[in-house]
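I have a structure here, written as structure tokens, and I will follow up with some questions on it.
Rule-based calculations on the coordinates, nothing more; no lab input. Remember, it's a predicted structure, so these values are computed and weren't measured experimentally. Backbone-built Cβ (ideal geometry, glycine too); neighbour counts: all protein chains shown.
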Amino acid sequence: MTSVSKMYVNKSFPSSFPWSVKDQTVLQICSFPVTSVSSEQNLVKNECLVFAQMPKRISVSTHYHETGMGEKGDLQRNVLDSSHLISIGLDEDEFVGTSLIDMYAKCGDMDSAVVLFNQMPRLDVASCNCLISGYASCGLFDEAFSFFMKFDSFGNKPNPYTYSTMLSICGTLSVIEEGKQLHAQVVKMQHLSETAVSNVLLTMYSKCGAMEEAESLFNRLPQRNLISWTAIINGLYKHEDFEKAMMLFCLMRENGIEPNEYTFTIALACCRSVKNLDNGRLLHALVIKRGMALGEFVGTAIIDMYSELGQMDDAEKHFKGMGTLASKVSWNALTKGLVHNEKAHDALDAFSEMVRKDTACDEFTFSIILKACASLPSFTSCQQIHARVVKANFDTNMHVGSSLIEAYTKCGSVEDAERVFSQISVPDVISWNSVIKAYSQNSNPRRAISLFRGMIDKGFRPTGSTFLAVLSAYSHSGKIQDGQEIFQSMVREFGILPEEAHYSCMVDLLGRSGQLEKALDFINNLPIKPTASIWTPLLAACRCHNNLQMAEFVAKHILALDQNAATVYVTLSNMYAEARQLVDAENQRKLMKLKEVTKEPGCSWIEVKNKIHKFFSLDRTHPESAKIYNKLNQVMIQIKDNASANANPLYPEEDSCLYHSEKLAVCFGLISLPAGKPVRVFKNLRVCTDCHMFMKFASMITERVIVLSDNYRFHHFNKGCCSCRDYW
DNA sequence: CTAGGGTTAG
């Protein structure tokens, strides 16, 4: 019960509580005069009543009133004092007693509920049902089952209410065998005509993944109401059968059943999932007409629908329209939309606004906002949010934990990532994947592999993503044999079907180590048609190992699949230039212009300078952006002045700055890496000793952590392998 | 007095 006390003090509700009370209502209830609070015990009991549902409160008080023990104006005060109820013997009233049992059960105090239950002079079905549903809402499912088994011993037969609760438990636990047995009993007892029972049967089957059963039951039902339709539509939605769900939604309306908020919420989610903006707008219009558009659930579903379909303006407009009706879920949906639509800074702003407005943050909030930190990436924001996470006791949550790991990984801080991992109370596969990826992407493939072993030892079943991280680790550590073995075992031992990304990882593994022919063989023998992203690592390998002939061959394949593959033109042009085939090199450049291929960002002197400027003026999270900008500017000028030795053989005049701006672009990549875009500069990065030193220097003056991305070859600091030779 | 359907995350 102390938890209820705490809850009361903090005025916030744990989401696990089985009913929802709006904050205003709570405040309203809490403001009732509580005069008889003397002992801790009373306080706790009073809280129980405060937190009980309104209707029940009224019904208890009504009984109280009807016995003539209180004046109408005094009702609230009386009802707040349950010990008083007991002292006047009302707890022996069958109905009041049952209400009290139910109240304690719903408050999570099963001990008190059981005590009261045992004190009841006469036990009817309802009291038993209250106890069962109490067990269910407290997650004590075994207790609920064993109580159900000895139902007879209390002289009662299970009624439709009992079956509803039991079936609901089966759905939650996803135990279909027990569910089917109960179904049989329900049929035998002729309770199927109770729509509440048949509805929970529908839900049970769909939660157990048995959609055929659910659908055929639905078709056979003698009576269907709105809830039956909603249950089946939701089942289809949850099983990603969106088209059918929408079809039933329409059918329902044709059958003259008017959807309510629940149904509209699911329908909107369906439109989002099938990316049908027209239907989404149609539904939006329908809910406006019915005055439901600003409701908590429907409103949030609308925000989510628009933001998922890239209509952030509509989403934000709707969010503003919701005003104070926006719940934390609405905030989360909006923030998620901003992050997904590459507006990470706006997302951070929204988050600050949310905090400023005192909206409670939950684990979803943190998960989402950490994604924004990761996409910038901004180490300072990361740390700030992390502090809030710890303060709000979410650092043990696996979702938040994994998000933190991802964010720290993007900021290059593996140490922080692993520290976060050790804090997660119950890590799951995805948490493991994240921490393995952290090491595999940040230059410690050995640690990644040992973590992978640890994960298997602990009995976790690796997923496709796990193998992606592990394969990449093997590729970077040059362990071809091990990599090939793990790829085999992924298929044979773990039965995971390799996807495109796995194949390109394998090509990278072989090609990177110089086994170009083997890599080509591998591609030619794939069970699927090779895609551009499977060919591309081979091109990078050709560049690295100076095989112009194969590069030309690979380039053809890539261009046939993706005409706009800028990397093909750039790589070929550079390779030709080095082979002193200047005409060919120039042709590649012309081709690129002709096809209007968008050049990769971060290339020329001006571009880099502008980008750095833009980044630092945007990154409001960095306390010393101006100072750093100036320092960087000085370095750039210095380099420009000293850089005549390494001219581009193709364009000796534009040369030195281009050459060194490439280095700066590299640095810039690790200084800022704005969402999605200049990461390319950084991808396929091969770093020579010079550049490595430069990167260290840049990271020092900017006081930022070095981010080593995907293809960073930390152990190959030979000049010949470096990206700084690519003159874009 | 007791039962049935909804939105957001790694």
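Can you list the residues of the range A:440-466 with backbone N under 12 Å from a point 7 Å past the Cα of A:Ala501, pointing along Cα to Cβ?
The answer is A:463-466, whose backbone nitrogens lie closer than 12 Å to the label point.
Pull out the extension gain between A:Ala566 and A:Arg253, defined as 0.36 nm times the separation in residues minus the alpha carbon to alpha carbon distance; nm, one decimal.
Working: separation 313, 0.36 × 313 = 112.68 nm, distance 5.12 nm.
Result for the pair: 107.6 nm of gain on full extension.
Another one. Treat the count of other C-beta atoms within 10 Å as a stand-in for reagent exposure and order A:Leu286, A:Leu516 from fewest to most.
On the way: A:Leu286 16, A:Leu516 21.
So the residues, fewest neighbours to most, are A:Leu286, A:Leu516.
Now a separate question. For the range A:519-599, calculate the relative contact order in percent as a whole number, restricting contacts to Cα pairs under 8 Å that are 6 or more residues apart.
On the way: 71 pairs, mean separation 18.9, N = 81.
So the answer I get is 23 percent.
Right, here's the next one. Residue-wise, which Karplus ³J(HN,Hα) couplings in Hz belong to the range A:549-554, taking 6.51 cos²θ - 1.76 cosθ + 1.60, θ = phi - 60°, and x for glycine or proline?
For the range A:549-554, the Karplus-derived couplings read 4, 5, 4, 4, 5, 5 Hz, x marking Gly and Pro.
Could I ask something else about it? Starting with the highest mean, order A:565-574, A:429-438 by the number of other Cβ atoms within 10 Å, averaged over the residues of each peptide.
Numbers: A:565-574: 22.3, A:429-438: 24.2.
Put in order of decreasing packing, that is A:429-438, A:565-574.
So which trypsin sites (Lys or Arg not before Pro) in the range A:132-202 pass both tests, a DSSP loop state and at most 10 other Cβ atoms within 10 Å of the Cβ?
Counting only loop positions with at most 10 other Cβ atoms within 10 Å, the trypsin sites (Lys or Arg not before Pro) in the range A:132-202 are A:Lys150.
Right, something else. Kindly provide the GluC sites (Glu not before Pro) of the range A:198-281 that DSSP labels as loop, not H, G, I, E or B, and whose Cβ sees at most 12 other Cβ atoms within 10 Å. Don't skip to the end; give the middle numbers.
Working: sites: A:Glu212, A:Glu213, A:Glu215, A:Glu240, A:Glu243, A:Glu254, A:Glu261; in loops: A:Glu240.
Sparse-neighbourhood loop GluC sites (Glu not before Pro): A:Glu240.
Projecting each Cα onto the charge dipole of the range A:519-599 (Lys/Arg +1, Asp/Glu -1 at the beta carbon, about the Cα centre), which of A:Ala540, A:Leu561, A:Pro527 comes out farthest on the positive side?
The Cα lying farthest towards the positive end belongs to A:Leu561.
How large are Rg and Dmax for the range A:519-599 when calculated on the C-alpha trace, in angstrom?
Calculated on Cα positions, Rg and Dmax stand at 12.6, 39 Å.
A:Asn341 versus A:Glu586, label points 7 Å from Cα toward the beta carbon: distance in nm?
4.7
Between rounded, prolate and oblate, where does the range A:387-545 land on the alpha carbon gyration tensor, with a ≥ b ≥ c its root eigenvalues, rounded for a/c under 1.5, else prolate if a/b exceeds b/c? The partial results should precede the final answer.
Values: a/c = 2.43, a/b = 1.91, b/c = 1.27.
Note, shape of the range A:387-545 comes out prolate.
Here is a follow-up. Per residue Cα convex hull volume for the range A:415-499, in cubic angstrom?
Taking only Cα atoms, the range A:415-499 has a hull volume of 82 Å³ per residue.
Okay, next question. Tell me, rounded to the nearest percent, the portion of alpha carbon pairs in the range A:224-326 spaced more than 17 Å apart. Working shown, then result.
On the way: 2504 of 5253 pairs.
The share of Cα pairs beyond 17 Å in the range A:224-326 comes to 48 percent.
Separate question: Along the Cα→Cβ direction, 7 angstrom out, place labels at A:Ser193 and A:Glu261. What is the inter-label distance in nm?
Once both label points are built, they end up 3.3 nm from each other.
Between A:Asn118 and A:Gln223, what FRET efficiency comes out of the Förster formula 1/(1 + (r/R0)^6) with R0 = 35 Å and r the beta carbon distance, rounded to 0.05? Could the numbers behind the result be given before it?
On the way: r = 39 Å, r/R0 = 1.10.
It comes out at approximately 0.35.
Mind listing which GluC sites (Glu not before Pro) in the range A:538-598 are in a DSSP loop and have 11 or fewer other Cβ atoms within 10 Å? Don't jump to the answer; show the numbers that get you there.
Details: sites: A:Glu552, A:Glu578, A:Glu586, A:Glu596; in loops: A:Glu596.
Of the GluC sites (Glu not before Pro), the ones in loops of the range A:538-598 whose Cβ has at most 11 other Cβ atoms within 10 Å are A:Glu596.
Ok, one more. Full-extension gain between A:Gln515 and A:Gln384, please, as 0.36 nm times their residue separation minus the C-alpha to C-alpha distance. Write down the numbers at each step before the final one.
On the way: separation 131, 0.36 × 131 = 47.16 nm, distance 4.56 nm.
Stretched fully, the A:Gln515-A:Gln384 segment lengthens by 42.6 nm.
A follow-up question, please. Which ³J(HN,Hα) values in Hz, rounded to whole numbers, follow from the phi angles of the range A:330-347 under the Karplus curve 6.51 cos²θ - 1.76 cosθ + 1.60, where θ = phi - 60° and Gly and Pro get x?
So the Karplus estimates, Gly and Pro as x, are 4, 4, 4, 4, 5, 4, 4, x, 5, 5, 5, 9, 6, 10, 4, 5, 4, 4 Hz.
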